[in-house]
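The block underneath contains the structure these notes are about, expressed in structure tokens.
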Amino acid sequence: MKKLQQLFDSKLQSQLTPEVILKKFIRGKFKAIGIILKEQTLNELVNRIENTDQNTFEIATEDLQIDKSAITTADETITAIKLEVDEADLQLFRDDFSSAMSEEYPNVVDKTARLILNKIQQDAAVTIKDNQKARKKFEARLRKRWKEPFDLLELFVLLALEAGAEFNEEYRALAAKDNDLVFDVLTRLHARGCQVASEVLTLIKAGFADGAHSRWRTLHELAVVAIFVAKHGREIAEQYLDHEFVEAHKAANQHERYREAIGYEAFPPEELAAIQTAYEEALNRYGSNFRHAYGWASSTLNKISPTFSDIERDVELEKWRPYYKMASHNVHAGAKGITFRLGLLGGHQPVLLAGSTNTGFTDPAQGTAISLMQISVTLLLTRPNLDVFVRCEMLKTIQDEIGDEFLKIQQSIEAEHAAMQVQDLAKRGG
């Protein structure tokens, strides 16, 4: 950054110096009385002003670009003109210099940024290639150590995805015929859950434990909602789906409120009218409480404005709240999120974590297995049979193994870290 500032200062000084502003100031003084100075005379005068404490200077008229008759009187011909610089002139010079600096500063910033950016872009291919090479090496080392738990989690996600896909294919037509809204909601939640679980797996394989944990938070929410819908049936499934009209209404209002600031076009009037109509019809049908964030659960929980924790409590999954709260630190901008990192051994370290690490994957991996298991079992058990029971038992077995395998590697890394600390302390003591 110091080099950048030096480059910037050099660029600014080459275009805007006190001497440049002083010349402009002197020209202005003489121009006010109809006189234009020759460049050599101007340079000499600037040099005299900069190297003397005098306030009054004489300039020979022969050095001025002016009609001599303009400075000839009846009594004498003026051979020199005096320039007097008082405090008011000095203040004016300071103001001019400050103003010029303010005007030129953004231009120099822009030119400097473009100069540096052009150089960076010229070298971009090499820089990116080196970064990709380093990342591949890191991920190879990561996989070598975590291969068994990584593969186990990937297998689990694939089995859950396969189970959901086959279940949907087998029962979709019948569910559509019966207008089975619970089936529709649960299959959609399960599909999204599989996608989120794949995102967790991808982040873990890349070494982003905290990012993976933040995605598990979403997966937990999907599991809670799925179990809640399965528990309370068609009525709550219908309200859950219809709550999209409330969310669309809120989004449209926010869009209209801020569209000018972000340069977006307005919604067509007929589209806004349709959103408003659907919103009002939903409130007329379900009541004014339906307008709240979890208003679709209001009547079932008998609460004006229920929260997610209320839904969580209803399905007896509130025990996961400490982990949910910990994962929330990776979503929001609270202080805890910058002081505690899963990717650092011990959570708290005098290190600013800005990239990948090789540790901290146990909580997001185990949480993902548990939550995806919950969504999968909730969906499959809506049509219980022998095949469903076998699939659920398979998923349950792998889910248990995932936690054990991830914990085993995590503990080995922590043990190595502790041993290194002991050795370091011994060396210092010696």
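The values are calculated or read from the model by the stated rules, or taken from the named source; none is laboratory data. As the structure is a prediction and not an experimental result, all values here were calculated from the model. Here the Cβ positions follow ideal geometry from the backbone for every residue, glycine too, while neighbour counts run over all protein chains shown.
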| message | Taking the criterion of being part of a loop (DSSP other than H, G, I, E, B), of a type in the set (D, E, K, R) and more than 23 Å from Leu407 (Cα to Cα), would at least one residue in segment 312-335 satisfy it? | response | yes
Going residue by residue through segment 230-237, is there one that turns out to be in contact (Cβ under 8 Å) with a residue 12 or more places away in the chain and in contact with a His (Cβ under 8 Å, 6 or more places away or on another chain)? no
The correct count of residues that are of a type outside the set (Val, Ile, Thr), surrounded by fewer than 17 Cβ atoms within 10 Å (Cβ to Cβ) and either farther than 17 Å from Glu235 by Cβ or outside the structural domain of Glu316 (by TED's automatic domain parsing) (or both) in segment 284-305 is 3
Contact list, first residue from segment 111-131 and surrounded by 11 or more Cβ atoms within 10 Å (Cβ to Cβ), second anywhere and of a type outside the set (Val, Ile, Thr), beta-carbon distance below 6 Å, six or more apart or interchain, is Thr112/Phe8; Thr112/Lys11
Ile338 passes all but one of the listed conditions (1) closer than 27 Å to Ile402 by Cα; (2) part of a helix (DSSP H, G or I); (3) under 21 Å from the mean Cα position of the chain (by Cα); the exception is number (1)
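Hey, among the residues in segment 341-377 that are among the aliphatic types (A, V, I, L, M) and part of a loop (DSSP other than H, G, I, E, B), which one's nearest to Ala175 (Cα to Cα)?
Leu342
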The correct count of residues that are free of Cβ contacts under 8 Å to residues at least 40 places away in the same chain and small (Gly, Ala, Ser) in segment 296-315 is 3
Item to complete: For segment 378-396, indicate whether the set of residues that are crowded, with 21+ Cβ neighbours inside 10 Å and either part of a loop (DSSP other than H, G, I, E, B) or not assigned by TED's automatic domain parsing to the domain that holds Arg341 (or both) is non-empty.
Response: no
Ala251: passes all of (1) buried (at least 17 other Cβ atoms within 10 Å of the Cβ); (2) farther than 25 Å from Asp180 by Cα but (1)
Ala266 meets each of (1) in contact with an Asp or Glu (Cβ under 9 Å, 6 or more places away or on another chain); (2) touching a residue at least 40 places away in the same chain (Cβ under 8 Å); (3) of a type in the set (A, V, I, L, M) with one exception, condition (2)
Within segment 321-344, is there a residue that is in contact with a Lys or Arg (Cβ under 9 Å, 6 or more places away or on another chain), on the phi > 0 side of the Ramachandran plot and surrounded by fewer than 20 Cβ atoms within 10 Å (Cβ to Cβ)? no
